[in-house]
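Structure first, commentary second.
Every read-out reported here was derived from the displayed coordinates using simple, explicitly stated rules and does not represent laboratory data. Being a predicted model, the structure only gives us computed values, none of them experimental. Here the Cβ positions follow ideal geometry from the backbone for every residue, glycine too, while neighbour counts run over all protein chains shown.
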Amino acid sequence: MNMNEDFLKSMKDAFDLLRTKGPQEATAAVQRALAGANAQGSHAQTAQTQATASDWTRAWTEVHTGTHAQARPPRHARTHAPAPYTIDADTPGAFSAHTFSNSAGQRQYKLYVPAVYNHEPMPLIVMLHGCTQNADDFAAGTRMNEMAERHGFIVVYPNQSQAANHSKCWNWFKPADQQRENGEPSLIAGITREVMTRYRVDAARVYVAGLSAGGAMADIMLKTSPDLYAAACVHSGLAYGCAKDLPSALAAMKGGKPSRARMRAAPQRPLIVFHGDADTTVHPSNALELVASFEANATTVAPPSAAGASGNGRTATLQRLVAENGVEAEYWSIHGAGHAWAGGSQRGSYTDPAGPDATAEMLRFFLAHPRA
């Protein structure tokens, strides 16, 4: 094993420490790796190694620690700690905590059953939070429980475990967590099915949505379980298969070009995508990757048009796409927006109240696309 291979192995060990021990132990491991590289390598090798370390360190910040660092947080966006979730007159239903276990492990989840539930079949929406968030935070920021009362559906919020990821990011970039009925996809699908057995759920109207790492996992769920989910929403996320480890995850987040072969498969289920064109955490090109299989084979049902921002201060460009097999998609490019849920409530983290109402537009799209 040469010096560069030794260094890369040390860096991978450091990421394992970040997950299992924390940033202090991982930082010490990186420093040891750099010291060893400096002692063994030529000047050119050392410079290359330091550049690699710099990229991998940014990966900690943007992928694994989940801080979603931005040089200039977008105006109106809220990224600090949210207030505790509270139940008010707009959310009189039951918001309860549960635990699901299978061979892949155990995850907690929160379940909102609206007061209007009367044992008749209702849609079910699975909401996957972003890094550093949890179910309460995501529910508050997206206002999904309030919308569940208004429109009549059940919402479930799987919680990522800190033991599985130090900053509670869904592990969308790990091959073991990108497969049907394996790893985290099996846990999320298992939670979905558990809710479906306990309540009257319309099996043709089960949907999945997520933000950032949760958005990336939502696309994984749609692609690997099209028999379970009728459609998906990916907000500020990434396409299934764009990464297989942390280095490739960082490259994808920067907007690196993926393999074209990955995008040739025809889409099986509808997809709605939201992405800020000023997002410096997950490059907006990832939104184009998400709709590429629609765009490459599409006929345009409506030309790109200006979509109003519901009077909240931002505008968006909306593209409606139809793939050759008839599956539909929408892509909302939100102008001036960073890494945050558009139109979200200030009660939650990573929300941009100035944006178009992503929650309302997502629900419109979902309810118009039951599974055939």
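Express in nm, to one decimal, how much length is gained between A251 and H119 on full extension, taking 0.36 nm for each residue of separation and deducting their alpha carbon distance. Numbers along the way, then the final one.
On the way: separation 132, 0.36 × 132 = 47.52 nm, distance 4.69 nm.
Going from the current span to full extension adds 42.8 nm.
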remark   = Between Q268 and T197, the FRET efficiency computed from the C-beta separation at R0 = 25 Å comes out, to the nearest 0.05, as 0.55
ask   = Using θ = phi - 60° and the Karplus form 6.51 cos²θ - 1.76 cosθ + 1.60, what ³J(HN,Hα) does each residue of region 157-172 get, whole Hz, x for Gly and Pro?
value = 10, x, 9, 6, 8, 5, 5, 7, 8, 3, 10, 6, 7, 5, 8, 5
message = Just to be sure I understand the model, the point goes 7 Å from the Cα along the line to the Cβ. What's the resulting R180 to A368 distance in nm?
response = 2.9
inquiry  = Run the simple label-point estimate for E324 and K244 please: 7 Å along Cα→C-beta, distance reported in nm.
reply    = 2.7
³J(HN,Hα) computed for each position of region 120-136 - Karplus, 6.51 cos²θ - 1.76 cosθ + 1.60, integer Hz, glycine/proline x = 9, x, 10, x, 10, 10, 9, 10, 10, 5, x, 4, 6, 8, 9, 4, 4
ask   = Among Y331, Y207, which comes first, then next, by fewest other beta-carbon atoms within 10 Å?
value = Y331, Y207
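Which peptide among 91-98, 287-294, 268-275, 173-180 comes first, and what is the full order, when sorted by highest mean count of other Cβ atoms within 10 Å?
268-275, 287-294, 173-180, 91-98
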request  = Take every DSSP beta bridge whose two residues both sit in region 94-367, then give the antiparallel share in percent to the nearest 5.
outcome  = 50
